[in-house]
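Working notes, structure below.
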């Protein structure tokens, strides 16, 4: 799924991007080159995810640095950049008095589509997101789930090359959430549109994205190629010892394990694909270490995220 | 691709020019205004003063009809600047009412539910957006003001013949510049109010409030200082003075008309400043 073509420009390139709002630095020296088809933007509340999206749209002026989206620079080519982007904001965004078809058509025409294709594609987009039967209803009368779908329809009606989705599953019930994620996966799998999905829901990002950028306090805490992670087949292990044993941690490191968390009796570690739990038990037996509890699972995005939150910044 | 296929594909067709993209905003807002039959009827009625003016000019040049109606033959003499000045006022008033009806929802509807980021997330900027909204008022108000005014002037010049149009060119100038100035000032002011006051009746009230409170303040200044400088706070009196000066008539306050121009420019710039402050894709708390 992940596209690592050397010839095509990266979907998103952050070139030392810094953004200050009200004199306060929000994003600091972000540098990354993201080539994934579906890129997840993760981070705790206040990490700067939405600010990054808004900066990419030109809503906030970069203090230093630049953003390139599919080869288009925010500085100097902002309008062209926005013409290639579809944006689904996190909060409510609609004109209450307009019908869904009227609203989506307006947005299509603002993106440059002539009136007739705009109308035709608005019908298609609304049917695509499952609002075909409700397209002549006023958006103000829609439920939360339907409003989310209208936002998605207006974001993709003009056929953008990059679709920015800010918390797309916000406020959705489980069936609506599944429908939204299915649509995002469908768009991704068509291979014609890049996706940038900002969310604090790790499971959503994990299920649709193949590359992740994790922000923490305005810095890049980690970037991660999920597809490569999946291929690496690493395991995440939690071990609780009966008593503190520093030598055991050293032995695990010698086995090639990457220690993520370590306190007196608890260890969290990433086990490489060529190692098994048996190797851990063997090491424990050799050092006479008593294991009270051992939990093993595949290296999930949650683990990657937690590790990113614990380390300063860099690639995971 | 048919809608029943429930699918979606990128767009690869032609695009409209970016320069004229703001007219999309205009077109949708005008369509929205005329969706109300009541407004459509009112809009048609707003042309009545101009139609009466046209008829009056036709009548004044139709000797047979004047005889039949028993009206004086020298009705022509009434067609002086005074006639055009009175007609100007009767055109400006309905234009103000149209602005009062249409403008409150022009921007507030987009701000009420956060639609502005969707506009500005597309290849249009804030100036394009404001231009698109201001064009709504310009397009609605122009036909009933300066377009009809110049039509009446043209009819009179045609029927009168000779050098009448050269001798009275100030009338045409006053109609064009006066009405356009009024349209720009009232458009910017009402758009600024629409951006800041989201409740329609309150927005209309605010417009009246600004006009009358400032006028009242101006009168108080006049009373205290025993001068006419307070008239500069009176928006209606300022536009009136400007128009009178364009017609070549003396201004009621006796102040140099340049100060009235300054008042109008100040109000317009303040309105643009208010729009600039409010129309942001997202609030930045400083």
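The values are calculated or read from the model by the stated rules, or taken from the named source; none is laboratory data. None of these values were measured; they are calculated from a predicted model. For neighbour counting, all protein chains shown are included, and Cβ atoms are generated from backbone atoms with ideal geometry for every residue, glycine included.
Observations
- Residues located in region B:99-133, provided they are in contact with a helix residue (DSSP H, G or I) (Cβ under 7 Å, 6 or more places away or on another chain), under 19 Å from residue B:16 (Cα atoms) and at the interface with chain A (Cβ under 10 Å from one of its Cβ atoms): B:118, B:119, B:120, B:121, B:122, B:123, B:124, B:128, B:129, B:132
- Residue A:61 vs. criteria out of contact with any strand residue (DSSP E or B) (no Cβ under 7 Å at 6 or more places or on another chain) and farther than 19 Å from residue A:154 by Cα: yes
- Among residues of region B:226-261, those that are assigned to a helix (DSSP H, G or I) and closer than 23 Å to residue B:191 by Cβ, counted: 12
- For residue A:152, the test of being in contact with a strand residue (DSSP E or B) (Cβ under 6 Å, 6 or more places away or on another chain) and assigned to a helix (DSSP H, G or I) is passed.
- If you go through region B:19-39 and keep only what is in a loop (DSSP other than H, G, I, E, B) and either surrounded by fewer than 15 Cβ atoms within 10 Å (Cβ to Cβ) or more than 10 Å from chain A (Cβ to nearest Cβ) (or both), you end up with B:19, B:20, B:34, B:35, B:36.
- Of all the listed residues (A:108, A:93), the sole one being within 11 Å of chain B (Cβ to nearest Cβ), surrounded by 17 or more Cβ atoms within 10 Å (Cβ to Cβ) and part of a loop (DSSP other than H, G, I, E, B) is A:93.
- Candidates B:279, B:274, B:270, B:264 - the one that is within 14 Å of chain A (Cβ to nearest Cβ) and closer than 17 Å to residue B:187 by Cα: B:279
- Test: residue in region A:159-173 that is out of contact with any helix residue (DSSP H, G or I) (no Cβ under 8 Å at 6 or more places or on another chain) and either away from chain B (no Cβ under 14 Å) or over 20 Å from residue B:121 (Cβ atoms) (or both): no
- Among the residues of region A:15-26, those identified as within 14 Å of another protein chain (Cβ to nearest Cβ) and in contact with a helix residue (DSSP H, G or I) (Cβ under 9 Å, 6 or more places away or on another chain) are A:19, A:21, A:26.
- Matching residues, region A:57-71, being buried (at least 19 other Cβ atoms within 10 Å of the Cβ) and part of a strand (DSSP E or B): A:65, A:67, A:68, A:69
- Residues considered: A:260, A:251, A:284. Of these, the only one that is out of contact with any strand residue (DSSP E or B) (no Cβ under 9 Å at 6 or more places or on another chain) and either surrounded by 12 or more Cβ atoms within 10 Å (Cβ to Cβ) or in contact (Cβ under 8 Å) with a residue 24 or more places away in the chain (or both) is A:251.
- Criterion: without any contact (Cβ under 8 Å) to a residue 12 or more places away in the chain, more than 23 Å from residue B:98 (Cβ to Cβ) and assigned to a helix (DSSP H, G or I) - qualifying residue of B:205, B:223: B:223
- Filtering region A:34-56 for residues that are assigned to a strand (DSSP E or B), surrounded by 19 or more Cβ atoms within 10 Å (Cβ to Cβ) and within 14 Å of another protein chain (Cβ to nearest Cβ) leaves an empty set.
- Set A:282, A:264: member being modelled with pLDDT under 85 and farther than 29 Å from residue A:42 by Cα: A:264
- Residues (without any contact (Cβ under 8 Å) to a residue 40 or more places away in the chain, under 20 Å from residue A:43 (Cβ atoms) and not in a helix (DSSP H, G or I)) located in region A:163-185: A:169, A:171
- The set of residues in region B:232-263 that are exposed (fewer than 15 other Cβ atoms within 10 Å of the Cβ) and in contact (Cβ under 8 Å) with a residue 60 or more places away in the chain contains only B:248.
- Here is the figure for region A:111-135: residues that are part of a loop (DSSP other than H, G, I, E, B) and more than 9 Å from chain B (Cβ to nearest Cβ) total 2.
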